[in-house]
1. Please tell me if residue 6 is among the β-branched types (Val, Ile, Thr), in contact with a Ser or Thr (Cβ under 7 Å, 6 or more places away or on another chain) and surrounded by 10 or more Cβ atoms within 10 Å (Cβ to Cβ).
2. Mind checking which residues of region 30-44 are free of Cβ contacts under 8 Å to residues at least 24 places away in the same chain and surrounded by 10 or more Cβ atoms within 10 Å (Cβ to Cβ)?
Amino acid sequence: MTAVKIIKVLGTSEESWEDAAREAVEQASQTIDEIHGVEVEDWTADVENGEITGYKATVEVAFPVRHE
């Protein structure tokens, strides 16, 4: 049986929520090995003068716990 660790990562983008989620996974994968899955927990945005100026995605990243 494998234990899985889950962490939350916040990605940001000026383009879209999808890009923000992708950024979160790309950044997490630089320091986390063997990411097995992600779940987008929340989509939020910054708004100025009635327009969205920044997109944010809170992503849960799942990866196996290592026993070294």
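1. No.
2. Of region 30-44, the ones free of Cβ contacts under 8 Å to residues at least 24 places away in the same chain are 30-31, 39-40, 42, 44.
Answer for region 30-44, where residues must be free of Cβ contacts under 8 Å to residues at least 24 places away in the same chain and surrounded by 10 or more Cβ atoms within 10 Å (Cβ to Cβ): 39, 40, 42, 44.
Here is a yes/no grid of residues against (1) surrounded by 15 or more Cβ atoms within 10 Å (Cβ to Cβ); (2) touching a Ser or Thr at 6+ places or on another chain (Cβ under 7 Å); (3) closer than 20 Å to residue 2 by Cα:
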{"site": "28", "(1), (2), (3)": "yes, no, no"}
{"site": "50", "(1), (2), (3)": "no, no, no"}
{"site": "55", "(1), (2), (3)": "yes, yes, no"}
{"site": "65", "(1), (2), (3)": "no, no, yes"}
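Conditions tested, residue by residue: (1) under 10 Å from the mean Cα position of the chain (by Cα); (2) on the phi > 0 side of the Ramachandran plot; (3) modelled with pLDDT under 95.
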site	(1), (2), (3)
2	no, no, yes
17	no, no, no
25	yes, no, no
42	yes, no, no
58	yes, no, no
61	yes, no, no
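The values are calculated or read from the model by the stated rules, or taken from the named source; none is laboratory data. Computed from a prediction, not measured in an experiment: that's the story for all the values here. Using ideal geometry, Cβ is built from the backbone for each residue, glycine included, and neighbour counts are taken over all protein chains shown.
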